[in-house]
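In what follows, a single structure is set out as structure tokens and then discussed.
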Amino acid sequence: MSATPQEKIQKGFRPLVPGFAFGDLNNVQSFADLIDEGTAAILLESVQGESGINPCTPEFLLGVRQLCDRHNLLLMLDEVQCGIGRTGKFYAFQHTGVRADAVAMAKGLGGGFPIGAVWVGEGAADLFTPGSHGTTFGGTPLACAAALAVLDVIEQENLLAHVTKASAPWVAGLNALVKEFPKQLVAVRGRGFLIGVQFAGDIAPYVTACRERGLLVTPSGGNVIRLLPPLNVNEADLAQSLEVLRAVLAARV
């Protein structure tokens, strides 16, 4: 059994950023146990990207929101990877109805052009004062113009609805592959066009085989491949991705 974050810290492991303690995803009590008089905020990814595409459950996010309200803490959400329409809502946390105090975004916001941004709610906005925040790309007119163009396209092409509609049969197809190849695949996680497919073993050969067949996938969380179609992908390309995966899996039975 893996050690809890608290046990890791007691054994000498330390967070990469001093001052941060780590709770267990989807375990509200583990976060409650870490709160003390020095706690200022709870920071979460609505869907963890690099650790294997692990979504926060609605119950967990709602529970953490209540925890923050009870202890006068900020709830800050990282939507850099899962935001800007990738799950079918503009922000992934919007699937739960939770309201955050601050939201970080980047990557998809610029449509390929580097940009970072943060939205801060009324109750926390006065924490930002001149000189208290630094950013590499913040305020760049070209980056902001790119972001505005991205927002226009998302709205004009109705991409949120497209992600929701097109992802449903595609994800169903991925789940069908789990049933078809149970010795190689374990589960499908995520939402919309932010999907992780968990393998039973080493994914490196599969990543290579997919690339050789024209499908680019990236590792995530050890034994998970991450699938990130563009928001405007068509149904034919999604169907082709399933066929490539099926062929790769069948070749390694």
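Summary table below
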{"item": "Test: Glu180 is within 22 Å of Gln81 (Cβ to Cβ) and open to solvent by 30 Å² or more (accessible area, probe 1.4 Å)", "result": "no"}
{"item": "Scan of segment 201-235 for residues that are part of a helix (DSSP H, G or I) and open to solvent by 70 Å² or more (accessible area, probe 1.4 Å), ordered by number", "result": "Arg211, Glu212, Glu235"}
{"item": "Filter pass, Lys89 being open to solvent by 40 Å² or more (accessible area, probe 1.4 Å) and within 14 Å of Glu45 (Cβ to Cβ)", "result": "no"}
{"item": "Of residues in segment 109-155 being among the acidic types (Asp, Glu), open to solvent by 80 Å² or more (accessible area, probe 1.4 Å) and outside any loop (DSSP other than H, G, I, E, B), the one farthest from Leu75 (Cα to Cα)", "result": "Glu155"}
{"item": "Test: residue in segment 204-216 that is within 20 Å of Asn54 (Cβ to Cβ) and either of a type in the set (Asp, Glu) or without any contact (Cβ under 8 Å) to a residue 12 or more places away in the chain (or both)", "result": "no"}
{"item": "Residue that is most open to solvent (accessible area, probe 1.4 Å) [pool: residues in segment 16-56 that are more than 15 Å from Leu67 (Cβ to Cβ) and among the hydrophobic types (A, V, I, L, M, F, W, C)]", "result": "Leu16"}
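Residue-wise test of (1) assigned to a loop (DSSP other than H, G, I, E, B); (2) at pLDDT 95 or above; (3) over 29 Å from Phe193 (Cα atoms).
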residue: Ile9; (1), (2), (3): no, no, yes
residue: Arg14; (1), (2), (3): yes, no, yes
residue: Val17; (1), (2), (3): yes, no, yes
residue: Gly38; (1), (2), (3): yes, no, yes
residue: Ile42; (1), (2), (3): no, yes, no
residue: Glu50; (1), (2), (3): yes, no, no
residue: Val64; (1), (2), (3): no, yes, no
residue: Leu67; (1), (2), (3): no, yes, yes
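The values are calculated or read from the model by the stated rules, or taken from the named source; none is laboratory data. Predicted model, so just to flag it, every value in this text is computed and none were measured. All Cβ positions, even for glycine, are placed from backbone atoms using ideal geometry, and neighbour counts span all protein chains on display. Side chains are part of the model used for accessible areas, which takes the heavy atoms of the whole protein and leaves out ligands, DNA and RNA. Shrake-Rupley method; radii C 1.70, N 1.55, O 1.52, S 1.80 Å.
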